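Asks: Have a look at the structure that comes next, please.
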Amino acid sequence: MSATRSLHTVSGRTLRVLGAWLLASLVLHLGWEIAQLPLYTLWREESPAYIAWAVVHCTAGDGLIALGTYAVTSIWLRGVCWPWESPGRGLFVLWASGLAWTAFSEWRHVQDLGSWAYTESMPTLAGIGLAPLAQWVIVPGLALWSLRVWHPERASGGPREPTGDKDRLR
């Protein structure tokens, strides 16, 4: 197999895995964003159109963060197929990177910029909402589970097509 063909196969496989990850993440984050709306002041203070825009905007941001955390995890574990090869270590890196970003972002937007505000019913820790922190524990775990169960890239026990670099990207 030529190097170009091997690279094309790896790239296609990588894009399929990332696409599946993004789709699972977006669906789950959308549900979470809708569920936690009453914990933010915009739920009571803004128009339905603004609330809808905020949900779409925040879900899109969550999708970008999900791709970023997947990339960080793939770099850390040296391959995009870590959900099937090393899901425990991968989940730990996902959690660490997602929680770090979320803690910074929530602090910056609530405490520093005032971009959004919590209601009194939002539980907080050091001024950071626990609902968004929980989001970056629960949603990546569910997205990882979904990817492992439903994506065709999952380890099936059968032989895989050789890529020329079996210890790295598959």
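Asks: Is it the case that region 42-54 has a residue that's assigned to a helix (DSSP H, G or I), crowded, with 19+ Cβ neighbours inside 10 Å and either of a type outside the set (Lys, Arg) or more than 13 Å from the chain's Cα centre (by Cα) (or both)? Lay out the reasoning, then the answer.
Replies: At the first step, the residues of region 42-54 found to be assigned to a helix (DSSP H, G or I) are 42-45, 48-54.
With crowded, with 19+ Cβ neighbours inside 10 Å added as a condition, the list becomes none.
Within region 42-54, none of the residues are assigned to a helix (DSSP H, G or I), crowded, with 19+ Cβ neighbours inside 10 Å and either of a type outside the set (Lys, Arg) or more than 13 Å from the chain's Cα centre (by Cα) (or both).
Asks: Has region 1-19 got any residue that is surrounded by fewer than 16 Cβ atoms within 10 Å (Cβ to Cβ) and closer than 18 Å to Ile138 by Cα? Let's see the steps before the verdict.
Replies: Restricting attention to region 1-19, the residues satisfying the condition of being surrounded by fewer than 16 Cβ atoms within 10 Å (Cβ to Cβ) are 1-5, 7-8, 11-12, 15-16, 19.
Those left that are additionally closer than 18 Å to Ile138 by Cα: none.
For region 1-19, residues surrounded by fewer than 16 Cβ atoms within 10 Å (Cβ to Cβ) and closer than 18 Å to Ile138 by Cα: absent.
Asks: What's the total number of residues in region 114-148 that are closer than 19 Å to Asp62 by Cβ, part of a loop (DSSP other than H, G, I, E, B) and among the polar types (S, T, N, Q)?
Replies: Looking only at that region, the number is 1.
Asks: Output yes when any residue across region 23-39 is modelled with pLDDT of 90 or more, over 19 Å from the mean Cα position of the chain (by Cα) and not in a helix (DSSP H, G or I), and no when none is.
Replies: no
Asks: Let me ask another. Among the listed residues Ser121, Ser115, which satisfies the condition of being hydroxyl-bearing (Ser, Thr, Tyr) and at pLDDT below 95?
Replies: Numbers: Ser121 fails: at pLDDT below 95.
Result of the check over Ser121, Ser115: Ser115.
Asks: Filter region 124-137 down to the residues that are farther than 19 Å from Gly31 by Cα and of a type outside the set (S, T, N, Q), then identify the one that is surrounded by the most Cβ atoms within 10 Å (Cβ to Cβ).
Replies: The first filter runs over region 124-137 and keeps only residues farther than 19 Å from Gly31 by Cα, leaving 124-128.
Narrowing the set further to residues that are of a type outside the set (S, T, N, Q) leaves 125-128.
Details: Leu125: 9, Ala126: 7, Gly127: 10, Ile128: 18.
Here the residue is Ile128.
Asks: Cβ-Cβ below 9 Å, separation at least six or inter-chain, first residue in region 38-64 and of a type in the set (Lys, Arg), second in a loop (DSSP other than H, G, I, E, B): which pairs?
Replies: Arg44/Thr119
Asks: While we're looking at this one, here's another question. Could you tell me whether any residue of region 99-113 is assigned to a helix (DSSP H, G or I), acidic (Asp, Glu) and within 24 Å of Arg148 (Cβ to Cβ)?
Replies: Step one: of region 99-113, the residues assigned to a helix (DSSP H, G or I) are 99-112.
Next, from what is left, pick out any that are acidic (Asp, Glu): 106, 112.
In the following step, the residues that additionally are within 24 Å of Arg148 (Cβ to Cβ) were identified as none.
Scanning region 99-113, I find no residue that is assigned to a helix (DSSP H, G or I), acidic (Asp, Glu) and within 24 Å of Arg148 (Cβ to Cβ), so the answer is no.
Asks: Quick one: in region 85-123, of everything that is more than 21 Å from the chain's Cα centre (by Cα) and in contact (Cβ under 8 Å) with a residue 12 or more places away in the chain, which residue is surrounded by the fewest Cβ atoms within 10 Å (Cβ to Cβ)? If you could, list the steps in order and put the result at the bottom.
Replies: First, the residues of region 85-123 that are more than 21 Å from the chain's Cα centre (by Cα): 110-123.
When the remaining residues are screened for being in contact (Cβ under 8 Å) with a residue 12 or more places away in the chain, the result is 110-111, 116-119, 121-122.
Working: Val110: 20, Gln111: 11, Trp116: 14, Ala117: 12, Tyr118: 19, Thr119: 15, Ser121: 9, Met122: 18.
In this case the residue turns out to be Ser121.
Asks: I've got another one for you. Residues of region 77-95 being more than 17 Å from Gly141 (Cβ to Cβ) and part of a helix (DSSP H, G or I), which ones?
Replies: Initial filter on region 77-95 (more than 17 Å from Gly141 (Cβ to Cβ)): 78-81, 85.
Across region 77-95, the qualifying residue is only Glu85.
The values are calculated or read from the model by the stated rules, or taken from the named source; none is laboratory data. Computed from a predicted structure; not experimentally measured. Glycine also receives a Cβ, built like all others from the backbone with ideal geometry; neighbour counts cover every protein chain displayed.
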